[in-house]
1. So with the 1.4 Å probe, I'd like the accessible area per residue for the range B:10-125, rounded to whole Å².
2. Points 7 angstrom from Cα along the Cβ direction at B:Met126 and B:Glu270: gap in nanometres?
3. Suppose the chain between B:Asp304 and B:Arg461 were pulled fully straight at 0.36 nm per residue; how much longer would it get relative to their current alpha carbon spacing?
4. With every protein chain in place, what's the accessible area of A:Ser167 (1.4 Å probe, Å², nearest 10)?
5. With the dipole of the range B:10-125 worked out from charges on the C-beta (+1 for Lys and Arg, -1 for Asp and Glu) around the Cα centre, which of B:Cys91, B:Tyr28, B:Cys48 lies farthest toward the positive end?
6. Using a 1.4 angstrom probe on protein heavy atoms only, which residues from the range A:81-107 are buried by at least 40 Å² of accessible area when all chains are present rather than their own chain alone?
7. Calculate, in nm to one decimal, what A:Leu210 and A:Lys56 gain on full extension: separation in residues at 0.36 nm each, minus their alpha carbon distance.
8. What's the local net charge at B:Glu341, with K and R +1, D and E -1, over the other residues with C-beta under 13 Å away?
Amino acid sequence: MFKILKKEKLSANIYRMVVEAPRVAAHAMPGQFLIVRTDAEGERIPLTICDDDKEKGTVTIVFQPVGGETARMALLKEGDSFADVVGPLGNPSELVHVPVEELRKMKLLFIAGGVGTAPVYHQLKWLHAQGVDADCIQGARSRDILILEKEMQEVTGHLYFATDDGSYGIHGNVCVALQQLYDEGKRYDHCVVIGPMIMMKFACQLTKKLGIPTTASMNTLMVDGTGMCGACRLLVGGEVKFACVDGPEFDGWKIDFDQAMQRARMYKTEEGRLYLEEKEGETHHGGCGLCQ
Amino acid sequence: MDGMKKVPVREQDPKVRAHNFDEVCLGYNREEAMAEAERCLQCKNPLCQQGCPVSINIPGFIRKLREDDVPGAYEVISESSTLPAVCGRVCPQETQCEGRCVRGIRGEAVSIGKLERYVADTAAEMGIHPQPAKTRNGKKVAVIGAGPSGLACASDLARLGYDVTIFDALHKAGGVLSYGIPEFRLPKERVVDREIDNVRALGVRIETDVIIGKSVTIDELMDREGYDAVFIGSGAGLPKFMHIPGEQAMGVFSANEYLTRSNLMHAYREDARTPIYHAKKAVVVGGGNVAMDAARTALRLGADVTIVYRRSEAELPARKEEVHHAKEEGIRFELLTNPEEILTDENGWVSGVRCIRMELGEPDASGRRRPVPIEGSEFMIDCDAVIMALGTSPNPLISSTTDGLATTTKGGLVVNEENGETTRPGVFAGGDAVTGAATVILAMGAGRKAARGIDEYLRSRD
């Protein structure tokens, strides 16, 4: 079980894997996530679902190694297996509950940042299958790390690119791109933004200014992912919510992003030390003050 | 030997064990167990047995033990309990079997828990396992949750010849025995894994990584996967918080998170890959077993620990032994004290807790005297971590994805007290999913009751 059927590199440091997980695939809906563990001592890593094939019983994940555990995941080869894949977790996107006739009338915009493009693809693909072609702004630092361009083209109405270095599409971040579209007269009824928290924060500020109701998908800290540990809690409209059971998607205008970003950093030094220790041995003892 | 006193049990020295995760209590050896067994009066009307939620024939197993017949003693216990090595360690014996022991009227009760543990551990060392049913009846039962209630229910049904599969949401079976109770109180490999292997030895299958309500629904289990009945033992999941200012700060954890990282993910070990925060000064809020477990875990990870509890020592819901052990290890208790606000430093990390002293007023709905704040008694406790151990409420995942399951206002599943049947035919439930957070043994008792209910239900349909 949980065999890796396909592994490919989407860019210098982003991987895509197709994994056998029939129970997850059977119920996976856009907006949901899963948790993987590489081996018996592995950390539980939450990842949004990029695609599913209910007939073949597979799910697709996309990830970027950022720490010890995801680096270890990247070492797995085709034919290897994950120790665990559990899901689908969290709630499906609220769009799946909207009647199709209504969806077809809506002007939808997605904003995807970096690896966040993967879960956006899952939603766009589902919408496309319902005959709804939403627009999307896909952002990245630079063209060489833009992922899934071809797949995204197939399921999107208008796909706009925004790169920080101007190497492709609009020169600037997704907010610059959104403002530009708005200034050109583009109007949307609803926006879904998925990407790094800092990007989502500024995107939500802008959509609020422009009056486009916005949903954001929160990738918080998590341990069990079933509502048990409370590590994923965040403030939405002043109320405590658990990303794993109440989310992961919330009203982007109401999320306290500053606090969420702060909480996401909680284990940074602990995790970072573990990673460095593994990589370099006993070189990192603290005391430099930089990470304090 | 003074017959009024129990044979003392050997324990790790508090100063030593405060720095390791090895088991605190070392248990009886053969001589000690035999001597303690002699103290049993073999009452004709054994009150101890009435005090046991699973009605173990206590005088019966002690009699076998006196005859130096450990396999015989194990057999007697196995008639009523699936997890004796666990229960001997974590049951609140002082309010159950030992609380009713006639010996206890004039002296100390017989150490029934320690004897149970001795029998279970010795039987395991002798390689004794429970035997699977000789005949199978071909009926399939799904058990949701591999915690105490699910394991107990599955074992009883397997003994009756049912084809049982347990589904668990986590990657490891055991429920609270694996994620909640720490190694120093309940060793995982040596005790929990072995007991779970015994459940497997009865023919029970365990499928991990399956979240009922998400990966598969109860309707699909019954309609598509051919299960004739379902038992829900999904436990209490959602941690409670106080809703006081500062609770979202970095350095504030639920006890569930803290303990899951340490126990399930092994974060207490140096080679672990899941991080845990090593606090310098920790405040643990709550007075139950989970609070003691969290406090003693933080202590072992190097923290100076204070437990804050709003009532007095007499009302502490934790087992007496845990409170005693915690004190021995150097944990401070601020009783009749309640947190009002969590303060943070300039980086948003916890820097202290502002508390207020309490006094006990009139009894509340639970019969316990209600704590009332004493005006003007606020004071500060400096700390860099706060662990909230305030209890949990039942996980709504299953009730919200299954039609026909009624829940109480507190979120627990509504069941028939007699047989554990829910408001939906063929679906039974027990343990914390019904009652909210309670004990391992009460959950096991509910699992066993539901097993009888399921058996009757399925026979009646023949």
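1. That works out to 42 Å² for each residue.
2. Placing both labels 7 Å along Cα→Cβ, they lie 4.0 nm apart.
3. Full extension of this stretch gives 50.6 nm more.
4. In the full protein context, A:Ser167 sits at about 60 Å².
5. Positive-end residue among those listed: B:Cys48.
6. A:Asp84, A:Val86
7. Gain in length upon complete extension: 51.2 nm.
8. Here the count lands on -2.
The values are calculated or read from the model by the stated rules, or taken from the named source; none is laboratory data. As the structure is a prediction and not an experimental result, all values here were calculated from the model. All Cβ positions, even for glycine, are placed from backbone atoms using ideal geometry, and neighbour counts span all protein chains on display. Heads up: the accessible areas ignore ligands, DNA and RNA and are worked out on the full protein's heavy atoms, side chains in. Shrake-Rupley method; radii C 1.70, N 1.55, O 1.52, S 1.80 Å.
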